[in-house]
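Asks: Dropping the structure in here first, questions after.
Quick note: the coordinates plus some simple rules give every number you see, no bench work behind them. It should be emphasised that the depicted structure is a prediction, and the values quoted were computed from it without experimental measurement. Positions of Cβ are generated from backbone atoms using ideal geometry, with glycine treated the same way; all protein chains shown enter the neighbour counts.
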Amino acid sequence: MTIKPLIILPDPVLRQVSTPIETIDADIRRLADDMLETMYDAPGIGLAAIQIGVAKRMLVLDVSKEGDDKTPLVFINPEIVASSDERSIYEEGCLSIPDYYAEVERPAAITVKHLDRDGKEQMIEADGLLATCLQHEIDHLNGVLFIDHISKLKRDMVIRKFTKAAKTRGAKAI
Ligand code: GNR
Ligand code: NI
């Protein structure tokens, strides 16, 4: 297993729409393992493949509490098939937008259809942090970031800050 470098805002790769996975083979399972290792190392509670530069519709997450047993989950080609009218607000962060947090309102509960790492069809009902995290990750598969759900003023501020930081990093590398 390998820890992969994370793609950071404003890298346009984060805006790519990921494509469905057709066959779940050894390469895909290795990708899932690398994503989990990268997520645990960060540390984060979720990761989409595009965050390590792979435009495939796969996400991993683990919303278990610290101290409890780890519960790594792999979702391949996930689809939200139902969303509650009830909404909930969570303070979100993103490994691709380090050290920035903002409240986001989303459906409180969702039903997700997907394939697991063995290629078996699964359907899960999620609420709480799991529902929020799944929606955050499925957004990544569509090139959407959590800052797209906040005010344009705040979003532009964050993008400007990260664009400046990226330029400084580039200049330092010269
Ligand atoms: O680690 C993460 N924490 C988090 C907190 C609230 C809502 C969503 C998340 S996902 C984030 C990891 C990440 O960037 N996944 O794409
Ligand atoms: Ni994210």
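Asks: Considering every residue within segment 107-119, establish whether at least one is on the phi > 0 side of the Ramachandran plot and either of a type in the set (A, V, I, L, M) or more than 18 Å from the chain's Cα centre (by Cα) (or both).
Replies: We begin by selecting, within segment 107-119, every residue on the phi > 0 side of the Ramachandran plot; these are 119.
Adding the requirement that they be either of a type in the set (A, V, I, L, M) or more than 18 Å from the chain's Cα centre (by Cα) (or both) leaves 119.
Yes, segment 107-119 has at least one match.
Asks: Identify, from the list GLU91, GLU125, the residue that is near ligand 1 (Cβ under 10 Å from one of its atoms) and either touching a residue at least 12 places away in the same chain (Cβ under 8 Å) or in a helix (DSSP H, G or I) (or both).
Replies: Working: GLU125 fails: near ligand 1 (Cβ under 10 Å from one of its atoms).
One residue alone meets the criteria, GLU91.
Asks: Here's a check for you: in segment 128-174, which residue that is without any contact (Cβ under 8 Å) to a residue 40 or more places away in the chain and under 23 Å from THR19 (Cβ atoms) is surrounded by the fewest Cβ atoms within 10 Å (Cβ to Cβ)?
Replies: ASP148
Asks: May I ask you to verify whether ILE21 is surrounded by fewer than 19 Cβ atoms within 10 Å (Cβ to Cβ), among the hydrophobic types (A, V, I, L, M, F, W, C) and assigned to a loop (DSSP other than H, G, I, E, B)?
Replies: Working: surrounded by fewer than 19 Cβ atoms within 10 Å (Cβ to Cβ): yes; among the hydrophobic types (A, V, I, L, M, F, W, C): yes; assigned to a loop (DSSP other than H, G, I, E, B): yes.
In short, yes.
Asks: Could you tell me which residue of segment 130-145 is farthest from GLU79 (Cα to Cα), considering only residues that are part of a helix (DSSP H, G or I) and either acidic (Asp, Glu) or more than 6 Å from ligand 1 (Cβ to nearest atom) (or both)? Outline the logic, then answer.
Replies: Of all residues in segment 130-145, those part of a helix (DSSP H, G or I) come to 130-141.
Still in the list and also either acidic (Asp, Glu) or more than 6 Å from ligand 1 (Cβ to nearest atom) (or both): 130-131, 134-135, 137-139, 141.
Working: LEU130: 15, ALA131: 13, LEU134: 10, GLN135: 10, GLU137: 11, ILE138: 8, ASP139: 11, LEU141: 11 Å.
Per the stated criteria, the residue is LEU130.
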